[in-house]
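Here is the structure we will look at, set down as C-alpha cells.
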Amino acid sequence: AQSVAQPEDQVNVAEGNPLTVKCTYSVSGNPYLFWYVQYPNRGLQFLLKYITGDNLVKGSYGFEAEFNKSQTSFHLKKPSALVSDSALYFCAVRDGAGGYNKLIFGAGTRLAVHP
Amino acid sequence: GAGVSQTPSNKVTEKGKYVELRCDPISGHTALYWYRQSLGQGPEFLIYFQGTGAADDSGLPNDRFFAVRPEGSVSTLKIQRTERGDSAVYLCASSLAGQGQFNTQYFGPGTRLTVL
C-alpha cells in the first residue's frame, strides 16, 4: 500500500533562515507526490507536486521540493523563512488503485518560524 | 474565481442524530472527493465521485456514512446515527477529471463536526 511519513511533528526555524520539512514515501510504481499547507481554521492549500521530470519542483510562495528516488524522499524547502510561513504542512502521495487519484496524507508537520 | 465551498462551517449535534454536510465544487470540476481529518492527523480519504457516480467509496468507515452527487456538481455527505467518534473536520476537494492524468485537487475550508 502507498504511504508517506513525516518524521517531524514540529520544525522550528528563525525568520530568514532556510527551512526543510521532511517527507519519505513508499509506493509501488511511479510516485505522484504533493505538498499542501493548512492555516488555522482553513482548508488545505496546494503548494506543489511532482509527477515526472525535473527532480526540483518549484511551487507557490517561494517553496520548492526535491524528489530523491534513491532515498524515497520529497522534502519541502524554502531558502528564507517568513513568520507568515508558520502553518501545518502535509505531504501526500497518490493512491492510483483502480486508476483513481485519491491522496494518502502524512500526519503533518507543524512549522513555527520565529522572528 | 470561486473556490470549493462547504456548508456549514461548524456543526454541533447530539449522539444519534442525523447530519448532512454540503460541498460545492469549483465550476467545471467533474471529480469530487471527501476526506476526514481527525485531530492531530492528516486527511483520510472517504469517497470519490466522477460525475454523478461514486467511483470509489472504499474509505467510508461504515454504512452510517453515505454521499450523493445527483447532478454532478454539489455533493452531500450524510451521516446517520452519529457517534462521538465521528467528530472531525470533513474536507471536500474537487479537480478536473479524477482518472488517468493526475489533476490537482483543490480543497474547501471544511466542516467541523462535533458530536456531543
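Readers should treat all values here as calculations from the given coordinates under stated rules, not as data from a laboratory. Remember, predicted model here, so these are calculated numbers, not experimental data. We place every Cβ from the backbone using ideal geometry, glycine too, and count neighbours over all the protein chains shown.
Report, in cubic angstrom per residue, the convex hull volume of the C-alpha atoms of region B:48-105.
93
Could you please tell me the mean projected area of the C-alpha convex hull for chain A, averaged over all directions and given in square nanometres to one decimal?
7.1
So what does log10 I(q)/I(0) come out to for chain B at q = 0.09, 0.13, 0.16, 0.18 Å⁻¹, using the Debye formula with one equal point on every Cα and no solvent?
Per q value, in the given order, log10 I(q)/I(0) is -0.21, -0.44, -0.67, -0.85.
Return a single number: how many Lys pairs in chain A, at a sequence separation of 8 or more or on separate chains, have alpha-carbon atoms below 18 angstrom apart.
Here the count comes out as 14.
What list do you get for B:24, A:9 if you sort them by fewest beta carbons within 10 Å?
A:9, B:24
So if I take the alpha carbon set of the protein assembly as shown, get Rg, then get Rh from the Kirkwood formula, what is the Rg over Rh ratio?
0.97
Would you mind calculating the relative contact order of chain B from Cα pairs under 8 angstrom and at least 6 residues apart, reporting the percent as a whole number?
37
Return the Cα extents of region A:62-115 along principal axes one, two and three, sorted largest first, each rounded to a whole Å.
Here the Cα extents, ordered largest to smallest, are 47, 23, 17 Å.
Explain nothing, just the number: dipole magnitude of the protein assembly as shown about its Cα centre with +1 on each Lys and Arg Cβ and -1 on each Asp and Glu Cβ, in debye rounded to the nearest 20.
My answer is approximately 280 debye.
Treating the beta-carbon of each Lys and Arg as +1 and of each Asp and Glu as -1, no other charges, what is the dipole magnitude of chain B about its Cα centre, to the nearest 20 debye?
Its charge dipole is roughly 340 debye.
Per residue of region A:23-36, in order, report the coupling 6.51 cos²θ - 1.76 cosθ + 1.60 (Karplus, θ = phi - 60°) as ³J(HN,Hα) in whole Hz, putting x for Gly and Pro.
Those phi angles translate into 8, 10, 9, 9, 9, 9, x, 6, x, 10, 10, 9, 10, 10 Hz.
Arrange the following residues from fewest to most other Cβ atoms within 10 Å of their Cβ: A:113, A:83, B:4.
By the 10 Å Cβ count, ascending, the order reads A:83, A:113, B:4.
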